[in-house]
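Peer 1: Quick one: this structure, given as structure tokens, is what I'll be asking you about.
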Amino acid sequence: MKNVVVLGIMLSTICGLIACRSAVQDDPVVLIRTELGDIVVEIYLNKAPITSRNFMQYVNEKRLRDALFYRAVRMDNQPDNDVKIEVIQGGIGFMESDLRLPPIIHESTDETGILHKDGVISMARAAPGTASSEFFICIGDQPALDFGGKRNPDGVGFAAFGKVVDGMDVVHKIHAGEADGQMLKMPVKITEIRRVKKRKASTD
């Protein structure tokens, strides 16, 4: 009888460990290949599940196959904004498209803990709950985009969901492109976007 009880406890423990492991998924890594070079982004699926799954659906279903980086927000092209930021923005664009998915629920930074630091990727939006296909990458820390920040009058910030782990030099090249206001005169085409294997940490 004692052996049966011990076996039952062991099986229960193993099942619990398996359940915990399956609940926490590996954060995917995405390659964004552009005309100016590669950007590699780690997507924080466990911290921002709604926003991350939305972005990965675009990636997995090849909905960003015609996407562009088309906007560069710099200190010198925001004359009407008291609170200034620096980002590049990309996605399907503003025209109607069958590739665009329905908007998602807003996941603010106070929920996810993902702040708009240098290299963080986040969702562009109008009102909260309108984000769908457009995203941006921060150049430098942008606390005005966090929950409670003053960039948007509603104060709930933007939905960050990952971070550039390689290719910030490419982000800076895009950011420095010639622009008409904030819109790049020569938008940078995303030639490929796909999930890639996570790089192993160096043991050196």
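The values are calculated or read from the model by the stated rules, or taken from the named source; none is laboratory data. Note that the coordinates shown come from a computational prediction; the quantities given were computed from them, not determined experimentally. Methodologically, a virtual Cβ is constructed for each residue, glycine included, from the backbone with ideal geometry; neighbour enumeration extends over all protein chains shown.
Peer 1: Please specify each residue of segment 96-113 satisfying the condition of being surrounded by 18 or more Cβ atoms within 10 Å (Cβ to Cβ) and either in contact with a helix residue (DSSP H, G or I) (Cβ under 9 Å, 6 or more places away or on another chain) or charged (D, E, K, R) (or both).
Peer 2: Within segment 96-113, ILE104, HIS106, GLU107, THR109, THR112 qualify.
Peer 1: Please tell me if ALA72 is surrounded by fewer than 20 Cβ atoms within 10 Å (Cβ to Cβ) and within 23 Å of GLY181 (Cβ to Cβ).
Peer 2: No: the conditions fail for ALA72.
Peer 1: Could you list, ordered by first residue, the pairs with Cβ atoms under 9 Å in which the first is in segment 127-138 and over 20 Å from PHE69 (Cα atoms) and the second is of a type in the set (Ser, Thr, Tyr), at least 6 apart or interchain?
Peer 2: Here the result reads PRO128/SER108, each pair linking segment 127-138 to a residue that is of a type in the set (Ser, Thr, Tyr).
Peer 1: Inside segment 1-86, counting only strands (runs of 3 or more DSSP E) that do not spill past its ends, which hold 3 or more residues that are under 15 Å from the mean Cα position of the chain (by Cα) and modelled with pLDDT of 95 or more?
Peer 2: Qualifying strands (runs of 3 or more DSSP E): 29-34, 37-43.
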